[in-house]
Amino acid sequence: MFEVSTLFLNIHLTFEDCGLKDYILYYINGMALVSSFFFARVVYGTILSINVWRELANSTVPISAFAANTIRLANIVLMGLSYYWFSVVIMTAKRNALDADLIRALEEMDNKDIKAE
């Protein structure tokens with residue numbers, strides 16, 4: 001479930017490698033990438049983390065303190081990485097959107113200059 005966004009990431013990278021950044025499918029895939037990453041890793045991952053912490057606190061199966069603390073530490077690190085990578089995904093999406101807007105604005109300016117001549 002956590003890796004559902006990888007499918008969209010691979011498609012996104014393929015579009016970039018083929019120079020297809022101007023196509024609408026590139027932007028639709030980007031939105032699917034961001035939303036799948038958010039729902040799979042951030043929302044669902046946080047819900048699973050809460051459940052793990054509850055199970056460790058209320059476990060009827062004996063588990064050593066070392067094992068429980070190792071699981072907790074691993075969970076904190078992995079969820080921290082998910083939150084970090086989501087922030088990177090958002091910054092990249094914003095940058096791509098701003099780049100696209102800038103390119104469109106420059107093209108419109110060029111078209112106006114050509115029409116004025």
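Take the conditions at pLDDT 95 or above and surrounded by 12 or more Cβ atoms within 10 Å (Cβ to Cβ) and apply them to Ser5. Does it pass? For Ser5, the condition - at pLDDT 95 or above and surrounded by 12 or more Cβ atoms within 10 Å (Cβ to Cβ) - is not met.
For segment 21-50, a residue qualifies if it is open to solvent by less than 50 Å² (accessible area, probe 1.4 Å) and among the hydrophobic types (A, V, I, L, M, F, W, C), and the qualifying residues are Ala32, Leu33, Val34, Phe37, Ala40, Val42.
Is there a residue being among the basic types (Lys, Arg), out of contact with any Lys or Arg (no Cβ under 6 Å at 6 or more places or on another chain) and open to solvent by less than 80 Å² (accessible area, probe 1.4 Å) anywhere in segment 51-73? Scanning segment 51-73 turns up at least one residue that is among the basic types (Lys, Arg), out of contact with any Lys or Arg (no Cβ under 6 Å at 6 or more places or on another chain) and open to solvent by less than 80 Å² (accessible area, probe 1.4 Å). If you go through segment 8-22 and keep only what is modelled with pLDDT under 85 and touching a helix residue (DSSP H, G or I) at 6+ places or on another chain (Cβ under 7 Å), you end up with just Lys21.
The values are calculated or read from the model by the stated rules, or taken from the named source; none is laboratory data. Predicted model only: the values in this text are computed from it and were never measured. Positions of Cβ are generated from backbone atoms using ideal geometry, with glycine treated the same way; all protein chains shown enter the neighbour counts. Side chains included, ligands, DNA and RNA excluded: accessible areas come from the protein's heavy atoms. Shrake-Rupley method; radii C 1.70, N 1.55, O 1.52, S 1.80 Å.
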